[in-house]
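What follows is a set of notes on a single structure, which appears directly below.
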């Protein structure tokens with residue numbers, strides 16, 4: 001399948017990542033089918049998209065017409081079978097391996113045989129996800145960074161059987177939507193999370209052990225390493241539960257202690273401190 005034939009993109013998931021990817025694709029001129037299991041999730045996703053587009057309009061990054069056109073290109077559904085209308089699919093469901101395997105098995109039966117199926121997984125092996133479909137040559141990782149409308153990077157990950165044509169198509173698509181693609185081997189955590197998660201984990205350990213306050217840890221990393229945001233603030237942005245899922249997935253694959261999640265991270269999650277989306281994580285937020 002050639003990139004020029006991709007006109008309608010199916011995106012599974014209307015959460016933070018899913019809605020962000022929907023926004024990117026709709027602004028880039030694609031018709032988008034945004035699917036999630038509940039209408040309330042879709043409604044929340046559309047609100048996120050509209051808010052994101054409004055902020056871009058305020059900053060004069062887009063015109064009012066571009067905002068309106070993008071919104072009209074997004075079609076919502078709670079039925080996975082509607083992915084049959086898509087020329088390309090991006091799965092952005094929660095980071096649960098069994099869920100993703102089930103989705104890919106069902107997509108394989110629903111979508112036309114030449115449709116590429118991609119996953120936005122941040123840590124689960126692409127080869128394993130591809131094993132659920134009868135088209136492993138057309139399964140690939142397309143990992144957007146959070147927030148997807150802002151971050152320029154897209155990691156493209158080949159599974160063991162991903163074809164050169166599939167890779168070339170997705171690389172071209174990433175460039176077409178204004179992203180910078182990098183290729184990663186199918187290794188635990190790929191590139192970004194393999195390096196980022198141990199740093200975040202160490203920051204949480206430093207807080208737990210009383211090495212410094214949360215503010216000083218973040219300030220030190222921002223001013224000392226020129227990062228735009230401190231690691232604890234970043235965890236709150238990503239979501240503590242999402243970070244834990246990524247760490248556990250990488251640790252499951254490597255059994256390397258540097259990837260074993262800090263107990264404090266789990267303790268915060270246990271009491272509902274999930275980050276910005278919950279109003280509190282390592283910091284408190286106005287919901």
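Quick notes on this structure:
This table checks each residue for (1) under 15 Å from the mean Cα position of the chain (by Cα); (2) modelled with pLDDT of 95 or more.
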residue	(1), (2)
15	yes, no
30	no, yes
92	yes, yes
112	no, yes
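- Residue satisfying condition, being surrounded by fewer than 17 Cβ atoms within 10 Å (Cβ to Cβ), assigned by TED's automatic domain parsing to the domain that holds residue 86 and over 26 Å from residue 82 (Cα atoms), within set 160, 112: 160
- The residues of region 200-228 that are assigned to a loop (DSSP other than H, G, I, E, B), surrounded by 13 or more Cβ atoms within 10 Å (Cβ to Cβ) and within 26 Å of the chain's Cα centre (by Cα) amount to a single one, 227.
- Count of residues meeting criterion [in contact with a strand residue (DSSP E or B) (Cβ under 6 Å, 6 or more places away or on another chain) and in a helix (DSSP H, G or I)] in region 168-199: 3
- Residues satisfying the stated conditions in region 117-137, i.e. touching a residue at least 40 places away in the same chain (Cβ under 8 Å) and not in a loop (DSSP other than H, G, I, E, B): 118, 126, 127
The values are calculated or read from the model by the stated rules, or taken from the named source; none is laboratory data. As the structure is a prediction and not an experimental result, all values here were calculated from the model. When we count neighbours, we look across all protein chains shown, and the Cβ atoms used for this are built from the backbone with ideal geometry, even at glycine.
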